[in-house]
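K.L.:
First the structure, which I've put down as structure tokens, then a few questions once you've had a look.
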Amino acid sequence: MNQGLLKCTCAIVLATLIGWILHVGRSVLVPIAFGIIATYVIFGLAGLLRRIPYAGERLKAGLRYTIAATLMVFIVYLSVDLLLSDKDRLMALAPKYEATLLALLTKFAAFLHIETEASWTAIRRDLLATVDVQAIITATLSSVSSLIATIVVVTLYAAFFLVEHAKFRRKLVTFAGGTTQIVSVIDEVNAKIGTYLALKALLGVILGIASWVCMYFIGLEFAELWAVLIGLLNFIPYAGSLVSVALPTLLAALQFGQLSEAFAIFVALTVINFVVGHILDPWLMGGSLNLSPTVILISLAAWSSVWGIAGAFLAVPITVGLIIAFSAFDSTRRFAMLLTNDG
């Protein structure tokens, strides 16, 4: 058999096997992965604190890590408390949203002059049967409850990773034979992913606050809840921005029963996402990741298929780690070139 064909076949089989293991073990692996990500965020935030003019250099490393961890725990606590406090109110308003949806459908039919058509009656009935607002909200809240349980596990993992990180790094270096190349790869992965996640968290906070201000003044219900979700969706490339605009716009249409407020929400959130995503993000990141947009989309699709929504959040950090690892060795450097934006 041709040697190249054999290597290609083995690579495909190995990739399929790894994907299957990741998918089957996702209930165990996803919390561990998020625990690692949370640790990176804390280290990245500590690094950003060090850059504060005058005061940053005077802060000891232990104090910087403590401030970063406390800040992260505080934000997570506020987010979880907000999700739990809005749960009952959201369920109580579900019938109102269903009635508003029916009214909007009736207005749409009247605009097209088809409200008396038998076909429209059947379409409306089937649509309302399919789009059950209360069932959608119940499923969403169920997912939120599961997410909260996962957050507790992730917090425990992150705490242990923070305590053991120095020992774990030494073990990795020893396992790899203590070569300088392996040490530099580990340090580069830690630095790039930590900085990326810390800046993304900072941009998520900015995006959430700016979105909350707009939604609050327009009068959108659950503005605080949407602000938290919008900040989290900032970690998902491309699709996160679309969802963070589409869902509040849809809720505005259901709440107000007309399109003027929904359009205002749509325009405001689109402008905010554009400013954060196309001005602040490049300015802070400086193109340091050097990821091809096509590669980002493919990795987003691949990791989402393996780990669902969790995979979408983890796609970019995992891809960055792979690129750094591939670029460190001559035998795999060509794969890193395929994944980068400028080759």
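K.L.:
With a/c under 1.5 counting as rounded, go ahead and sort the range 189-336 into rounded, prolate or oblate using the C-alpha gyration tensor (a ≥ b ≥ c being the square roots of the eigenvalues; past the cut-off, prolate if a/b is larger than b/c, else oblate).
P.N.:
Details: a/c = 2.88, a/b = 2.21, b/c = 1.30.
Prolate, because a/c is 1.5 or more and a/b exceeds b/c.
K.L.:
Peptides 294-305, 14-25: what's the order by average Cβ count within 10 Å, highest mean first? The partial results should precede the final answer.
P.N.:
Values: 294-305: 16.4, 14-25: 11.7.
With the highest mean Cβ count within 10 Å placed first, the list reads 294-305, 14-25.
K.L.:
Using θ = phi - 60° and the Karplus relation 6.51 cos²θ - 1.76 cosθ + 1.60, list the HN-Hα couplings for the range 194-202 in order, rounded to whole Hz, with x at every Gly or Pro.
P.N.:
For the range 194-202, the Karplus curve yields x, 5, 4, 5, 5, 5, 5, 5, 4 Hz.
K.L.:
What does the highest-first list of 254-264, 72-82 look like by mean Cβ count within 10 Å?
P.N.:
Details: 254-264: 16.9, 72-82: 14.7.
Final packing ranking: 254-264, 72-82.
K.L.:
Next question. Once you have a ≥ b ≥ c as the square roots of the Cα gyration tensor eigenvalues for the range 1-42, tell me rounded if a/c is under 1.5, and otherwise prolate or oblate according to whether a/b is larger than b/c.
P.N.:
Details: a/c = 8.58, a/b = 2.54, b/c = 3.38.
It is oblate, given that a/c is not under 1.5 and a/b is not larger than b/c.
K.L.:
Could I ask something else about it? How far, in nm, would the chain grow between Leu29 and Ala239 when pulled straight, counting 0.36 nm per residue and subtracting the alpha carbon separation? Could you put the intermediate results ahead of the total?
P.N.:
Values: separation 210, 0.36 × 210 = 75.60 nm, distance 2.34 nm.
Additional length available on full extension: 73.3 nm.
K.L.:
Any idea how far apart Ile18 and Val213 come out in nm if each label point goes 7 Å out from Cα toward Cβ?
P.N.:
Those two pseudo-labels are separated by 4.4 nm.
K.L.:
State the Cα centre-to-centre distance between the range 1-64 and the range 220-272 in whole Å.
P.N.:
What the calculation gives is 30 Å, centre to centre.
K.L.:
On to the next question. Could you sort 41-47, 236-242, 166-172 so that the peptide with the highest average Cβ count within 10 Å comes first and the rest follow in order? Provide the component values of the computation, followed by the final result.
P.N.:
Details: 41-47: 23.3, 236-242: 17.3, 166-172: 11.3.
With the highest mean Cβ count within 10 Å placed first, the list reads 41-47, 236-242, 166-172.
Bear in mind that the values in this text are calculations on the coordinates, not laboratory data. Keep in mind that what you see is a predicted model, and the values were worked out from it rather than measured. All Cβ positions, even for glycine, are placed from backbone atoms using ideal geometry, and neighbour counts span all protein chains on display.
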